[in-house]
Amino acid sequence: MLESRPPPGAPSSHVTPLLDAGTGNSVTRLSGKVALITGGGTGIGRAIALAFAREGASVAVAGRRLEKLRQVINEVHKQDGAGLAMECDVSRARDVERAVKGTVERFGRVNVLVNNAGTLHVSTVEGISEEEWDRVMTVNVKGPFLMSRAVLPEFRKCGGGVIVNLGSVLGLVAVKDRAAYCASKGGVTMLTKAMALDHAHENIRVNCICPSIVETELVKGVFDQSEQGQALRKARVATIPLGRIGQPVDVAEMAVFLASEESSWLTGTAIPLDGGVTAY
């Protein structure tokens with residue numbers, strides 16, 4: 001666990017901070033918020049943690065690889081942010097409860113949950129074992145269920161809260177060889193909508209980001225520098241109307257919007273963030 005206060009340092013971001021016209025001070029969209037982000041050590045989770053810290057939130061990142069999480073918190077500290085790294089398997093209720101408790105003990109509350117942890121399996125229903133099917137469902141669906149259930153009592157203490165689920169366009173439409181993944185992300189889409197209806201009266205908002213392909217470590221491995229890898233990349237980009245693969249920061253900026261008061265009348269949505277792929 002890492003929970004030291006950062007030394008002074010200059011913020012690092014591709015986004016220029018907004019300025020208050022009256023004071024000239026930076027305006028941070030998540031000031032005073034405390035966010036718990038699962039799968040926060042790499043890729044999309046890392047980008048969300050850094051974007052939230054830039055916007056003034058205290059961030060707790062949870063995942064299975066503590067060293068990666070600590071590296072992210074070190075980056076948060078360089079932005080003058082406050083952070084906490086916690087080892088957590090989102091499929092285990094005891095780990096989940098410990099992560100929520102640790103966040104509250106460190107920061108006094110939790111206002112935002114980002115359910116980002118997930119896993120992928122490439123196969124048809126005939127090509128996947130029962131054990132692998134269960135693993136995909138446990139991480140991708142049971143994980144958000146356990147995390148959401150654990151934060152709800154803390155949200156009520158704050159008078160409300162926000163859950164941002166990381167789904168997929170494959171929770172909206174299907175492709176070949178992704179049977180378990182499509183089923184799991186479809187579950188995330190409908191879990192989002194159901195929780196949004198169940199908890200709207202408590203000022204708890206629940207939304208889902210549904211990205212297409214995003215350039216994480218996994219994707220970089222598929223599209224390596226070989227001639228075949230680059231040909232595969234070119235073919236994939238050709239299917240995206242905006243002509244590029246998504247970046248983790250694209251997802252992070254959407255997560256900032258959904259966690260902020262800018263989206264205060266938005267709940268129960270599953271937002272395609274896909275460069276236009278599902279517009280066909």
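Give the number of residues within the stretch 100-121 that are over 20 Å from G143 (Cα atoms) and either out of contact with any helix residue (DSSP H, G or I) (no Cβ under 8 Å at 6 or more places or on another chain) or crowded, with 18+ Cβ neighbours inside 10 Å (or both).
First pass over the stretch 100-121, keeping only residues over 20 Å from G143 (Cα atoms): 105-109.
Restricting the remaining residues to those that are either out of contact with any helix residue (DSSP H, G or I) (no Cβ under 8 Å at 6 or more places or on another chain) or crowded, with 18+ Cβ neighbours inside 10 Å (or both) gives 105-108.
Of the residues in that region, 4 qualify.
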* To do: Inspect the stretch 192-203 for any residue being in contact (Cβ under 8 Å) with a residue 12 or more places away in the chain, outside any helix (DSSP H, G or I) and over 19 Å from the mean Cα position of the chain (by Cα) and give the result as yes or no.
  => yes
* **Conditions (1) of a type outside the set (D, E); (2) modelled with pLDDT of 95 or more; (3) in a loop (DSSP other than H, G, I, E, B): number failed by Q225** => (2)
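Let me confirm something: among G63, G83, G56, which residue is under 22 Å from V162 (Cβ atoms) and surrounded by fewer than 24 Cβ atoms within 10 Å (Cβ to Cβ)?
Numbers: G63 fails: surrounded by fewer than 24 Cβ atoms within 10 Å (Cβ to Cβ); G83 fails: surrounded by fewer than 24 Cβ atoms within 10 Å (Cβ to Cβ).
When all the criteria are applied, what remains is G56.
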* Limited to the stretch 201-247, what total is found for residues that are closer than 27 Å to L191 by Cβ, of a type in the set (S, T, N, Q) and out of contact with any strand residue (DSSP E or B) (no Cβ under 9 Å at 6 or more places or on another chain)? -> 1
* Asked: If N115 satisfies every condition in (1) of a type outside the set (A, V, I, L, M); (2) under 22 Å from A150 (Cα atoms); (3) modelled with pLDDT under 95 but one, which is the exception?
  -> (3)
* To do: Write out, first by first residue and then by second, each pair whose Cβ atoms fall under 6 Å of each other, whose residues are 6+ apart or on separate chains, and whose first residue, in the stretch 83-103, is on the phi > 0 side of the Ramachandran plot while the second is part of a loop (DSSP other than H, G, I, E, B) and of a type outside the set (S, T, Y).
  => none
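Specify which of the listed residues (V125, V136, V141) is more than 20 Å from K33 (Cβ to Cβ) and in contact with a His (Cβ under 6 Å, 6 or more places away or on another chain). Walk me through how you get there before you give the answer.
Numbers: V125 fails: in contact with a His (Cβ under 6 Å, 6 or more places away or on another chain); V141 fails: in contact with a His (Cβ under 6 Å, 6 or more places away or on another chain).
Every option except V136 fails the conditions.
State all residues of the stretch 120-142 that are of a type outside the set (K, R), within 24 Å of R46 (Cβ to Cβ) and either assigned to a helix (DSSP H, G or I) or modelled with pLDDT of 95 or more (or both); if no residue qualifies, say none. Don't jump to the end; show me each part of the working.
The initial filter retains those residues of the stretch 120-142 that are of a type outside the set (K, R), namely 120-134, 136-141.
Then keep just the ones that are within 24 Å of R46 (Cβ to Cβ); that gives 120-122, 136, 138-141.
Matches in the stretch 120-142: V136, T138, V139, N140, V141.
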* Asked: Out of all the residues in the stretch 152-185, which are charged (D, E, K, R), farther than 22 Å from G39 by Cα and in a helix (DSSP H, G or I)?
  -> R156, K157
* Identify all residues within the stretch 230-246 that are surrounded by 12 or more Cβ atoms within 10 Å (Cβ to Cβ), hydrophobic (A, V, I, L, M, F, W, C) and farther than 21 Å from P272 by Cα; write none if there are none. => L232
* Asked: If you go through the stretch 64-82 one residue at a time, do you hit one that is touching a residue at least 12 places away in the same chain (Cβ under 8 Å), part of a loop (DSSP other than H, G, I, E, B) and closer than 19 Å to L152 by Cα?
  -> no
* **the stretch 162-181, residues that are of a type in the set (G, A, S), buried (at least 19 other Cβ atoms within 10 Å of the Cβ) and more than 16 Å from I48 (Cβ to Cβ)** => G171, A179, A180
* Asked: If you check A200 against the conditions, is it of a type in the set (G, A, S), more than 21 Å from P248 (Cβ to Cβ), at pLDDT 95 or above and touching a helix residue (DSSP H, G or I) at 6+ places or on another chain (Cβ under 7 Å)?
  -> no
* Of S184, S148, which residue is farther than 19 Å from V100 by Cβ, surrounded by 21 or more Cβ atoms within 10 Å (Cβ to Cβ) and not aromatic (F, W, Y)? -> S184
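The values are calculated or read from the model by the stated rules, or taken from the named source; none is laboratory data. Since the structure is predicted, the reported quantities are computational estimates derived from the model, not experimental observations. For neighbour counting, all protein chains shown are included, and Cβ atoms are generated from backbone atoms with ideal geometry for every residue, glycine included.
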